[in-house]
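Chemist: Dumping the structure here so I can ask a few things about it.
None of the figures in this text is laboratory data; all of them are computed from the coordinates on show. All values derive from a computational prediction rather than experimental measurement. Quick reminder, even Gly has a Cβ in these numbers, built from the backbone with ideal geometry, and neighbours come from all protein chains shown.
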Amino acid sequence: MDVRSQVSMVFHLDKCIGCHTCSIACKNIWTDRRGTEYMWWNNVETKPGTGFPTDWEDQEKYHGGWEVKNGKLGLRSTGKAQTIFNIYHNPSMPTMDDYYEPWTYDYQHLFNAPEGKDQPTARPISMVTGELIQIEAGPNWDDDLGGSPVYAESDPNLKGLTPDQRAQLFAVERLVMFYFPRICNHCLNPACVASCPSGALYKRGEDGIVLVDQERCRGWRMCVAACPYKKMFYNWNTGKSEKCILCFPRVETGQAPACFHSCVGRIRYLGVLLYDASRIEELASRPAAELIEAQRSLILDPHDPEVIAAARQNGIHDSVIASAQRSPVYQFVKVWKIALPPHIEYRTMPMLFYVPPMSPVMSHQANGTIHNASDELFHDIEASRVPLQFLANIFGAGNDAFVRYALRKQKAVRWHRRALTVGDVDKATADRMLQAAQCSPEEAEAIYRLTSLCTFDDRFVIPPMHREEAIQMLEDPLERKQAAGFGFVSGPRRGL
Amino acid sequence: MKSRFFPMAFFLVCAAPFCTTAQQPGNFFQQNCSACHTIGGGRRVGPDLKDVTKRKDRAWLEEFMEDPPAVLHKRDPYALQLQREANGIAMPAVPGLTPALAEALLNYIDAQGGAAPPPAAAPSVAERLFTSEDLAAGTELFQGTRPLSQGGPACISCHTLGTMTGLAGGRLGPDLTLVYQRLGGRQGAGAWLTAPPTPVMQSVFHQHTLQPDEILSLLSLFEDASQRSHPAAATAEIPIFLSGGVLGAALGLVLMGWIWRSRIGSVRRTVLKAAQRGAA
């Protein structure tokens, strides 16, 4: 057992309102520099939809992530020989058009325009060429299904849906949607790290945050092609690649990352997980249907004395172990099993988990009354407007059992609380539902509290980072502390 | 470094003409004029200069000798006539030919005119028939596979021949396919090669004179070329090479397109087009 710690995340999609506050918080802090105009380390997608970059989930096109070939795990986009062969032209590179051409507006024209019959307008200008452009797409072009049916109907997750299920999703004027906020998943088996010819990408030992060493990056962009979530971005100004850094300077000082902190719906949770690093390769090679269970088995119980002993042996600080024991992520993922990894079939073992969203049901009208009840307790899960299969394509590698389990439990918790507080549902039915959803009343209470009444400290259990321990192999922490903040800081730039 | 060497180079360049002016008119004629002219020995590329002062006044002659291109440029009728008689070959400006030297040369020609042609005035080229060995040696010398004994550059670096296949040969200097006839056959061309009079050839071969056996071999090659070929032959294969290059490049692009056939074009546009087709 090789126990390591990872700062991981849960996004509760049932609470996401799609306001993009997270994206803006991130943009303002990290990607408002020259060369990063098009980057969205955090973005919020509307589902069904094609996301950003367009159709990123279609790995037949983008060749991201891992695949098992002859029993061995290998990158889809590249290999040792291919890296050399394709080093000056990577055929799996998304084009600028797949992201979007960033633009601004000619605001000066509003002030300087000569007097005329019409009001002057601020025309869009490309931030790449400086020319006037016709805007064809943006990072959020199909937000709230604005680009439908073009974009929504091209969603790769519609694969395997029956015509009925599609009709359910796309019923005219009753189009349904949910939001899918995305940041870097800080994967356990990161394809970006594996693909880098310069060895510039690394996963931090103490907290699992995946970072690009800006001094070693040579801009080969193999990571851009390899990351199946397309969360690696190339900065054309510095000639280096960049990615979400999970606001590590904030996390190191005990603050939640900006997107977490600013989240209006309070959908984001952050906490430490302990995992067994020695089994990653073995478990990531399992058949797709077993991957969710495999990843769960990687995550270790922080209360298990054996795990604690192994963690201590690996130099994990007691305070971090204590933090892992209070981790909300551990509760969602491992104890309650209602948070699921996105596209586990890419085999990168993402460490950001999603609680799948509930959606409305189709009602029918008869004799002037609307019927949406049924004797079957969980009928509205099966009949929900967003088909289970669609959610399963995102959160269950196509297997709807995990999504069904998570949704049934959420529904049972709702009915349990409804029986307690509103009283329009009888207690016996609520208990029956809890039982059917394999949820004890105590667990239901806990889920309810962490979902609805969670405070800042409940959501973000940030471990002490103990940077002094992490850096003491390289330099004297005391000397570092005494010298910090004095000297020169130079930004990344092109060249060696 | 640069500034230290510059004055020396400047000095050498300036000194070069003075070396030639110090010569006797007889030597000068031998080195600079005899390639094209004789005095009473008959016409070569240029006219026989015997009695030249009787055919034209000295002032005109001196002006022409000092700068023939300038006179031709003025479209002087007599100069143009001379050019026509020389198969269109214009007399080049002779470096180091000062007004004083021009006068001395005319005196020398007048003095020589009465006498029988001096034996040294016409550089001798062996009279024997060309053999196939001569031709082979000439080809080697022309192509540079055998170096010129005095270290001069191989002809091929600037010239080409109709008998050479492909794109062989340089394009900097003129095509030499018909040079044998143009310079008046064995004697004319031979004399020309003994002391090349044009400014470029003179500057190149001044220090690296061609040896008589080399000249013989080259003449053999030139005669062969003028009999067997024509100038167009030297450029005949250019279209083949060009079209071959274009075809090769196109094939290369097709091959690259095939190797990287699964590369990403624009995913978004493809999605958009597919959806629009579906809607229509």
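Chemist: When a/c reaches 1.5 or more, the comparison of a/b and b/c decides; with that in mind, is region B:132-235 rounded, prolate or oblate per its Cα gyration tensor?
Modeler: rounded
Chemist: Distance between Cα centroids, region B:52-71 to region A:103-156: provide it in whole Å.
Modeler: Comparing the Cα centres of region B:52-71 and region A:103-156, I get a distance of 78 Å.
Chemist: What does the net charge come to around B:D67 if you take all other residues with beta carbon closer than 14 Å to its beta carbon, with K and R at +1 and D and E at -1?
Modeler: Net of charged neighbours comes to -3.
Chemist: Assuming R0 = 51 Å, can you tell me the calculated FRET efficiency for the pair A:D318 and A:C19, based on Cβ-Cβ distance, to the nearest 0.05?
Modeler: 0.85
Chemist: If you don't mind, another one. What average number of partner chain Cβ atoms lie no more than 10 Å from the Cβ of the residues making up A:49-57?
Modeler: Mean number of neighbouring Cβ atoms from other chains: 2.
Chemist: Here is a further query. Name the long-range amide H neighbours of A:D106: under 5 Å, sequence gap of 5 or more, or other chain; modelled H, no Pro or chain starts.
Modeler: A:R123, A:I125
Chemist: Can you give the extra length, in nm with one decimal, that the chain gains between A:Q82 and A:R216 once fully stretched, where that is 0.36 nm per residue apart less the Cα-Cα distance?
Modeler: Between A:Q82 and A:R216, full extension yields an extra 46.1 nm.
Chemist: Also, I was wondering about something else. From the phi of every residue in region A:229-240, what ³J(HN,Hα) in whole Hz does the Karplus formula 6.51 cos²θ - 1.76 cosθ + 1.60 yield, where θ is phi - 60° and glycine or proline is x?
Modeler: My calculation for region A:229-240 gives 8, 6, 10, 9, 10, 9, 8, 5, 7, 8, x, 10 Hz in order.
Chemist: Under the rule a/c < 1.5 gives rounded, and otherwise a/b versus b/c splits prolate from oblate, where does region A:47-204 land using the Cα gyration tensor?
Modeler: In terms of gyration-tensor shape, oblate.
Chemist: Provide the net charge surrounding A:A294, with neighbours chosen by a C-beta distance below 12 Å and charges set as Lys +1, Arg +1, Asp -1, Glu -1.
Modeler: My count for the surroundings of A:A294 gives -2.
Chemist: Ranked highest first by the average count of other Cβ atoms within 10 Å around their residues, in what order do B:255-262, A:136-143 fall?
Modeler: The densest-packed peptide leads the list: A:136-143, B:255-262.
Chemist: So what's the net charge close to A:V425: Lys and Arg +1, Asp and Glu -1, counting the other residues with Cβ under 11 Å from its Cβ?
Modeler: Once all neighbours under 11 Å are counted, the net charge is +2.
Chemist: Mind checking which of A:Q59, B:Q181, A:G315 is farthest towards the positive end of the protein assembly as shown's charge dipole, using Cβ charges of +1 (Lys, Arg) and -1 (Asp, Glu) about the Cα centre?
Modeler: A:G315
Chemist: Related question: Tabulate in residue order the Karplus-calculated ³J(HN,Hα) for region B:103-110, using 6.51 cos²θ - 1.76 cosθ + 1.60 with θ = phi - 60°, rounded to whole Hz; enter x for Gly and Pro.
Modeler: Rounded to whole hertz, the list is 5, 4, 5, 4, 4, 5, 5, 4.
Chemist: Please state, as a whole number in µm²/s, the translational diffusion coefficient that the Stokes-Einstein equation yields for the protein assembly as shown at 20 °C and 1.002 mPa s, with Rh defined as the Kirkwood radius across alpha carbon pairs.
Modeler: For these conditions, the coefficient is 62 µm²/s.
Chemist: How much length is gained if the chain between B:V246 and B:Q207 is pulled fully straight, taking 0.36 nm per residue apart and subtracting their Cα-Cα distance, in nm to one decimal?
Modeler: Here the answer is 9.7 nm.
Chemist: Stretch A:D2-A:S198 to full length: gain in nm at 0.36 nm per residue minus the Cα-Cα span?
Modeler: Gain on extension, A:D2 to A:S198, equals 67.9 nm.
Chemist: Need the list of lysines near A:K47 for cross-linking: C-alpha distance under 28 angstrom, and skip anything on the same chain fewer than eight residues off.
Modeler: Within reach: A:K15, A:K27, A:K61, A:K159, A:K230, A:K231, A:K243, A:K334, A:K337, A:K409, A:K411, B:K273.
Chemist: Obtain the nm distance between the two label points defined at A:K117 and A:L175 by a simple spin-label model: each point lies 7 Å from its Cα along the Cα-to-C-beta direction.
Modeler: 3.7 nm
Chemist: From the square roots a ≥ b ≥ c of the eigenvalues of the alpha-carbon gyration tensor of chain B, which class results: rounded (a/c under 1.5), prolate (a/b over b/c), or oblate?
Modeler: prolate
Chemist: Nearest 500 deg cm²/dmol is fine: what mean residue ellipticity at 222 nm does the protein assembly as shown get from its DSSP H runs of n ≥ 4 alone, each adding -39,500 (n - 2.57), divided by its residue count?
Modeler: Mean residue ellipticity at 222 nm (helix-derived): -11000 deg cm²/dmol.
Chemist: Just to confirm the filter: which trypsin sites (Lys or Arg not before Pro) across region A:89-184 are DSSP coil and have at most 13 other Cβ within 10 angstrom of their Cβ?
Modeler: A:K117, A:K159, A:R174
Chemist: How far apart, in nanometres, would the label points at A:D424 and B:L255 be if each is projected 7 angstrom from Cα along the Cα-to-Cβ direction?
Modeler: 7.4 nm
Chemist: How far apart, in nm, are the 7 Å Cα→Cβ label points at B:S132 and B:S149?
Modeler: 2.5 nm
Chemist: In peptide B:271-277, what is the residue-averaged number of other protein chain Cβ atoms found within 10 Å of each Cβ?
Modeler: That works out to 5 on average.
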